[in-house]
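Participant: Quick one: the structure is below, and I'll ask about it shortly.
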Amino acid sequence: MKEKNKLIIAIVAVALIAVAVVGATYAFWTWTTNEAQRTSVSFTVTDAAEDVYANLDGGGSTTAQNLAPVACGNSKYTTYAIKKTMTLTYKNASVNPAPITGTLTITAWTPAHGTIPTAAYSHLHYAVTESGTNCSQTAVTGMSGTFPTSITAGTTKLIDDVTFLTAPANTNTEQSKTYYLWIWLDSTYEYENVGNAVTDPMQGLQFTVAWSGTINNTPA
């Protein structure tokens, strides 16, 4: 049987985050998703004997407002956090296991108030979890952390070719699993604007993150 090499999945860009200036110490954010980001794209390779594919569906448009620094376990976290539900569907009818990996790239990065201090990045977190209720629980190994202190739009990766799961060989019916992408400012972040000037480095920040990925059934 002819085995397939790496099959590239184009996975929907899932997050466009805009920050609105409200208050002295909290940044209240708005999440929007444009039309092009609402449709996931997958590449399927099929022949008479094999059917191997994977697709990460971002779940359509999501709007979240009034995001503020908050702890994962706080009862108001689901109101003030950015959370994106994602469904991974896959099939692997080949005779080899097929790891499904994802890469999350920062494709746009626009600070509104000059250079962000290095220390501030440690308060900006991301995670991909299996839990839909808490950003700190059941994180996928290698898919959580804080934003790097040096960011180049289109190049900097938050997640770099990390395995979601491995599709077992001879998975002849389509399977699915739900994941959650979280991005949040932790509850320890503090900043006080003085007078009418807005100098908070996390207020007015705009950035976009986009998924890509592979499914690979090449024999080990």
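Participant: From the list 135, 72, pick out the single residue that is surrounded by 15 or more Cβ atoms within 10 Å (Cβ to Cβ), touching a Ser or Thr at 6+ places or on another chain (Cβ under 6 Å) and under 26 Å from residue 187 (Cβ atoms).
Facilitator: Working: 135 fails: touching a Ser or Thr at 6+ places or on another chain (Cβ under 6 Å).
Step by step, each of 135, 72 is checked, and only 72 is surrounded by 15 or more Cβ atoms within 10 Å (Cβ to Cβ), touching a Ser or Thr at 6+ places or on another chain (Cβ under 6 Å) and under 26 Å from residue 187 (Cβ atoms).
Participant: Looking at the stretch 165-176, I want the residues that are touching a residue at least 60 places away in the same chain (Cβ under 8 Å) and have a partner that is of a type in the set (Asp, Glu) and surrounded by 11 or more Cβ atoms within 10 Å (Cβ to Cβ) with Cβ atoms under 8 Å, at least 6 apart or on another chain. Which pairs are those?
Facilitator: What qualifies is 172/51.
Participant: Scan the stretch 199-210 and give yes if some residue there is more than 29 Å from residue 52 (Cα to Cα), of a type outside the set (A, V, I, L, M, F, W, C) and in a strand (DSSP E or B), otherwise no.
Facilitator: Checked the stretch 199-210: at least one residue is more than 29 Å from residue 52 (Cα to Cα), of a type outside the set (A, V, I, L, M, F, W, C) and in a strand (DSSP E or B).
Participant: Something else about it: Yes or no: the stretch 115-135 includes at least one residue that is small (Gly, Ala, Ser), under 24 Å from residue 88 (Cβ atoms) and either free of Cβ contacts under 8 Å to residues at least 12 places away in the same chain or part of a loop (DSSP other than H, G, I, E, B) (or both).
Facilitator: Scanning the stretch 115-135 turns up at least one residue that is small (Gly, Ala, Ser), under 24 Å from residue 88 (Cβ atoms) and either free of Cβ contacts under 8 Å to residues at least 12 places away in the same chain or part of a loop (DSSP other than H, G, I, E, B) (or both).
Participant: I've got another one for you. Which residues, taken from the stretch 182-197, are assigned to a loop (DSSP other than H, G, I, E, B) and of a type in the set (Val, Ile, Thr)?
Facilitator: 188, 194
Participant: Within the stretch 133-145, track down each residue that is of a type in the set (Ser, Thr, Tyr) and either within 18 Å of residue 107 (Cβ to Cβ) or at pLDDT below 95 (or both).
Facilitator: Correct list: 133, 136, 138.
Participant: Quick check on the stretch 68-85. Is at least one of its residues modelled with pLDDT of 90 or more, more than 19 Å from residue 180 (Cβ to Cβ) and either over 14 Å from the mean Cα position of the chain (by Cα) or not charged (D, E, K, R) (or both)?
Facilitator: No; the residues of the stretch 68-85 include none that is modelled with pLDDT of 90 or more, more than 19 Å from residue 180 (Cβ to Cβ) and either over 14 Å from the mean Cα position of the chain (by Cα) or not charged (D, E, K, R) (or both).
Participant: Could you tell me which numbered condition residue 142 fails, if it satisfies all but one of (1) assigned to a loop (DSSP other than H, G, I, E, B); (2) at positive phi?
Facilitator: Residue 142 satisfies every listed condition except (1).
The values are calculated or read from the model by the stated rules, or taken from the named source; none is laboratory data. None of the values given here were measured: they were computed from a predicted structure. Note that each Cβ is placed from the backbone with ideal geometry, even for glycine, and that neighbours are counted across all protein chains shown.
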